[in-house]
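Reading through the structure tokens given below for one structure.
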């Protein structure tokens, strides 16, 4: 089994960043495939977005973590995005227009933790809410390691943009570096090189 990043990258290649919108049939609790949707290709005034519960999800999640995807997708309109493949340009504006034109009941984000590209989705939604001054409930969720889901606050997403605040957190809680070593292959390699060069 490869790393979380490798699994997601493989899923992206296999799926070619395809996205699916599933709608639960409330009468028989079955799921019906409605259409393929990508966030950046979806009309902001589409009828199915109006006052809907919307899930914004990373492009690799469905293939890599199907059970988690299914749980979060239930009774929601699913829009997928991969900023690594599609770029960041227009994300904030697109999300702001959806909020402004369709007045969603809620907007939930689900991405892989540790990915700078996925992080842009969280930052972009925060930016869209700021621009529109909307009171739309927002939920930020990240998949950690091999399937654990963790909810983070909008404030945590904002703090991550300010590196001097991140530094303060690390200084006050140095045990975060141990957590980083467990999660980050980059950090593991750096520590390995430091230990090797010290001998």
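Values quoted throughout were computed directly from the atomic coordinates according to the rules given, and no laboratory measurement underlies them. Model, not experiment: these values are computed from the prediction. Using ideal geometry, Cβ is built from the backbone for each residue, glycine included, and neighbour counts are taken over all protein chains shown.
Numbers below:
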| item | result |
| --- | --- |
| Relative contact order (percent, whole number), segment 62-199, Cα cutoff 8 Å, 6+ residue spacing | 18 percent |
| Whole-number D in µm²/s for segment 90-199 (Stokes-Einstein; Kirkwood sum over Cα pairs; 10 °C, 1.306 mPa s) | 100 µm²/s |
| Order of 60, 118 - criterion: other Cβ atoms within 10 Å of each residue's Cβ, fewest first | 118, 60 |
| C-alpha center-to-center spacing [segment 125-183, segment 36-83] in angstrom | 21 Å |
| Of all DSSP beta bridges in segment 72-173, antiparallel share, percent nearest 5 | 45 percent |
| Sites residue 186 and residue 148, calculated FRET efficiency, Cβ-Cβ separation with R0 22 Å, nearest 0.05 | 0.65 |
| Highest-first arrangement of 74-82, 102-110, where packing means the average Cβ count within 10 Å | 74-82, 102-110 |
